[in-house]
Each structure stands twice: as C-alpha cells, then as structure tokens.
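Below is one structure, written out as structure tokens; the observations come after it.
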Amino acid sequence: MSELSEGYNIIGLSQIISKLIGTKSSSVFRQSESSALRKQKYSLDGKDIQIEQYGNMVGRGVIELCDGGPPVRNLISLAGPHAGIAAVPLCGSALVCNLVDFLIELAVYSDYVQEHLAPACYIKIPTDLDDYKKGCRFLPKLNNEIYKNSTYKERFSSLENLVLIKFEKDDILVPKETSWFGYFPDGSWETVLPAQQTTLYTEDWIGLKTLDEAGKVKFVNVSGGHLEISYGDMKEYILPYLVENATTAQPTQTVLPHPWSGHEGKTLKLFAAH
C-alpha cells in the first residue's frame, strides 16, 4: 500500500484498520475528556490514529477538543452516534430494555451514571434537553450546543473529507440516522430529522454545513446491520482515504493490498453482540 499523505487519517473503529492493513494499535483512547485525550499518544509510526471503544466520538474529540492535537485530513465514521442516541444499546430482552431505558431516563444525567456508563455521555433525550445540557458531560460540548466555541468549529471544518457511513439495518443505534447527524427534533419523538434540517446543521455549530457545502461530506449508506460491511464497500468507501493523494477519493482506481485477496463479495462483521 502507498504511504499515507502528510497529515493523519482517523477511522472511527480500531478493528477496521487492523482488518484493512494488518496493523495493531499503539494507542488506545478510552476517555472522553480532552484532558485525558491529550495524555495519550496519537499515532502509529506517524501514519494514522487507531481508536478503540466509542471511536467515532473520541476521534471527533481529538479533532475538536485537543489543543496541540495532530493534524487530521480525513475522518471516516462507521455507525457513529454523532447526534446522540435515545436508548441504551444491547441491554438484552425487550423487557430489560424497557426497564433500563426507564431508569436511564430518570437518572441518565446524574453524576454517577455519567461516570460509570460510557454511552450515557452521548444519550440525548429529546424531551429532556435542559437536563441533557446540564448533566451530559461529553456530547453537548462536542456538538457545540452550549457555548459555541469557534475553535471547535474551526478545527472540525478544516477536515478535507468527512465520510459518514450509516448501516441501513442498524438496530443498535436509535435512531440510525444519527450516523449522518440526523436526530429527533427538540421536544418530540414523532419523527427523525435529516441532518440538514437540524439546528446543529442550519446554524453550523461545528462546521458540518460548511463542510457539506464545500462537497467534503460523504453520506454513505450500506445495506448491512450494525457494523456489518462488505469488503467491496470498504474498498469503495474507506480505503481510498487511507492511501496517498486521497484528498479526492478515486475508489475504482484503488489497488487492494494483500489482506484483501479472496474476500470480494464477503461481508465483515466488525461488531459482536456478546
């Protein structure tokens, strides 16, 4: 494979890079706060950033929140809960899910839940936005919902490519449109707004509208369930941004590296419920 171009590429799931190019991560991001992020090493041999556990959101945190962070050219996001989630993923049976969701709605923004349940940091209850803004520790800051930090917006809108991959049969993220920054309207559960109709987009809180109008946002829809992606889709939508001179992707011209041989037509499951 060609050397990566100057600047870093962030891919929102650590397993994908090892599947693509056979490498292992030398840095693992686990915290959400920028102060913790700054303590971590950023690169693997100066090539890319590999992220484990909630990588989409932490990847954005590296870009937006970290003073002195690495320069990032491309952010490739797979099933990222960018606009938030409205339910706890993988809680078990329907009865357990209903109970957990009820308890979460009562206390999701408490200090204890925010400290001990990682997904709580990006749970956004559309009918409880006051408590969300007061108690949720990560997503309101990341999405510039409160203080409108111009530095966060400037950093995010400096990306050359933002690739947002949504999984058509995703039953883990609620709603699945959050992968494209779509979400429920404020105060309502009745419908899901596309990204372009959300206030985050229309008021350009983080520079998403700026990127989109410049043609730098790729809204990609793949047919699988949560993080079930074919090798063909990875070749078309991911690999072009990891190779040299990938500012403008040329999927059909990408040459598959050795680990891809024999996988055409197959699907890779990057997520296991257990």
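The values are calculated or read from the model by the stated rules, or taken from the named source; none is laboratory data. Note that the structure is a prediction, hence the values are computed from the model and not measured. Cβ atoms come from the backbone with ideal geometry, glycine included; neighbour counts cover every protein chain shown. Remember, those area values only see protein heavy atoms, side chains included, never the ligands or the DNA or RNA. Shrake-Rupley method; radii C 1.70, N 1.55, O 1.52, S 1.80 Å.
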Å² per residue, accessible surface of region 134-242 at 1.4 Å:
43 Å²
State the percentage of accessible surface on region 98-234 attributable to carbon and sulfur atoms; use a 1.4 Å probe and exclude ligands, DNA and RNA.
49 percent
Amide H partners (placed H, <5 Å) of Y183, local residues excluded:
L193
Can you give the FRET efficiency to the nearest 0.05 for C66 and A118, using r as the Cβ-Cβ distance and R₀ = 25 Å?
0.85
Of the listed links K153/K235; K134/K169; K124/K166, those spanning more than 28 angstrom between alpha carbons are K153/K235; K134/K169
